[in-house]
Amino acid sequence: MEFINGGIPNVLPGAKPKRKYRKPGLTAAGSVPSALTNLAALPDETRVTIIVLEGVTGFSNATIHRRMKTDPDFPKPIRDGRCTRFRVGDIRRYLENKAAQS
């Protein structure tokens with residue numbers, strides 16, 4: 001068991017250990033998705049995962065979900081069963097609009 005702050009256990013007995021979060025834009029295995037490296041060559045109608053959106057925008061997963069609720073210009077998700085995808089064209093338009101505003 002790991003201890004912090006002078007003997008306080010890092011994980012409570014019976015509790016799940018702390019989750020290690022991945023960096024935005026990387027898969028759970030730590031690799032960069034091919035859609036992220038080839039984004040400029042993809043057609044506008046191509047659908048990409050939230051991991052690719054994290055890598056392009058630099059936002060975390062939580063920030064993306066917050067922007068989906070609060071920012072009307074943010075790319076709208078396409079839900080297919082349990083999968084959430086975003087259109088590449090919507091992502092490009094969003095980034096162009098944000099660049100033009102700044």
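The values are calculated or read from the model by the stated rules, or taken from the named source; none is laboratory data. These numbers were taken from a predicted model, which means no experiment stands behind them. Just so you know, the surface numbers come from the protein's heavy atoms only, side chains and all, with ligands and any DNA or RNA stripped out. Shrake-Rupley method; radii C 1.70, N 1.55, O 1.52, S 1.80 Å.
Remarks
- Within the range 54-102, considering residues that are in a helix (DSSP H, G or I) and of a type in the set (Gly, Ala, Ser), the one most open to solvent (accessible area, probe 1.4 Å): 100
- Selection from the range 42-51 of residues that are assigned to a helix (DSSP H, G or I) and modelled with pLDDT of 90 or more: 50
- Given (1) open to solvent by 40 Å² or more (accessible area, probe 1.4 Å); (2) modelled with pLDDT of 90 or more, number of the condition residue 15 does not satisfy: (2)
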